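What follows is a set of notes on a single structure, which appears directly below.
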Amino acid sequence: MADVTDATFTTDVVERSRTVPVVVDLWAEWCGPCRTLGPILEKVVADTGGQVELAKVDIDANPSVASMFQVQSIPAVYAMKDGKVVDGFLGAQPEWQVAEFVQRLYPSVEDREVDRLVAAGDEASLRAALELEPSEETVIVALAELLVSDGRAEEGLALLERIPESAATRRVAALARTGGLADAGDLDARLDSLLSQVKDDDDARQQFVDLLELIEDPDAAGAWRRKLAARLF
């Protein structure tokens, strides 16, 4: 259980929910039903042995979170997975109903098998995971990156077309189109050589943008983006 604030909500709830389901309990000191529901939530979530986590938010002290959920009455409870709200309820509930709500967040047998196959990481395992979850971003990105690293860039790029663009897909696509880079010095040298061409050469501009996706240091990436903008505009 964690007490979450406006400042920590993104890290402790949104980002954390990409790893483990998070139950968000919106409450306040003056709310009688909240005092009844709170201990039930704490017990039921504790009984999951870490498969689900609880985040408690005092809406009086954290108005931004309250506004985010458009809270009109409390207690209000929401479940988040993969950065999104997937379930919720309002008002105090008996323990058996809270337990059912929390149990719906458990990973299924299929989810656990997909996680195992992705962790194995070889092509056969990733293709088996893809059979189970044909549109799962984690699986597709992992397999596409493996294909790109194996010299099958076109196959990897075709696989990425199954899912919407994201930071993860852009990085793998950039690896496919650039062939990757040995080190940061090589990357800087490539970017510097392309900078004089980006204004009038579409291919050079695309290469430059792809290379930006491979920069791990956000400050360095920002500096190169500013250089690109200065050349283009």
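Every number in this text was worked out from the coordinates using simple rules, so none of it is lab data. Quick caveat, the model's predicted, so the values are computed rather than measured. Here Cβ is always computed from backbone atoms with ideal geometry, including for glycine, and neighbour counts include all displayed protein chains.
Projected onto its three principal axes, the C-alpha set of the stretch 2-103 covers 32, 30, 19 Å, listed from the longest axis down. Once a ≥ b ≥ c are taken as the square roots of the eigenvalues of the Cα gyration tensor of the chain, is the result rounded (a/c under 1.5), prolate (a/b larger than b/c) or oblate (a/b not larger than b/c)? Because a/c hits 1.5 or more and a/b fails to exceed b/c, the chain counts as oblate. Seen against the Cα atoms of the chain and their longest principal axis, helix 184-195 is set at about 70 degrees.
The gain in end-to-end length when the GLN70 to LYS199 segment is fully stretched comes to 41.9 nm, 0.36 nm per residue minus the alpha carbon separation. Charge dipole (Cα centre; +1 on Lys/Arg Cβ, -1 on Asp/Glu Cβ; no other charges) of the stretch 91-228 amounts to roughly 360 debye.
For the stretch 1-97, relative contact order (Cα pairs under 8 Å, six or more residues apart, normalised by length) works out to 40 percent. Of LEU160, LEU143, ALA173, which is farthest towards the positive pole of the stretch 131-175's charge dipole, taken about the Cα centre with +1 and -1 on the beta-carbons of Lys, Arg and Asp, Glu respectively? The one lying farthest along the dipole's positive direction is ALA173. From its DSSP helices (H runs of at least four residues, each -39,500 (n - 2.57)), the chain gives a residue-normalised ellipticity at 222 nm of -16000 deg cm²/dmol.
Using only side-chain charges placed at the Cβ, +1 for Lys and Arg and -1 for Asp and Glu, the dipole size of the chain relative to its Cα centre rounds to 480 debye. If you take all other residues with their beta carbon under 11 Å from the beta carbon of ILE59, and give Lys and Arg +1 and Asp and Glu -1, the sum is -4.
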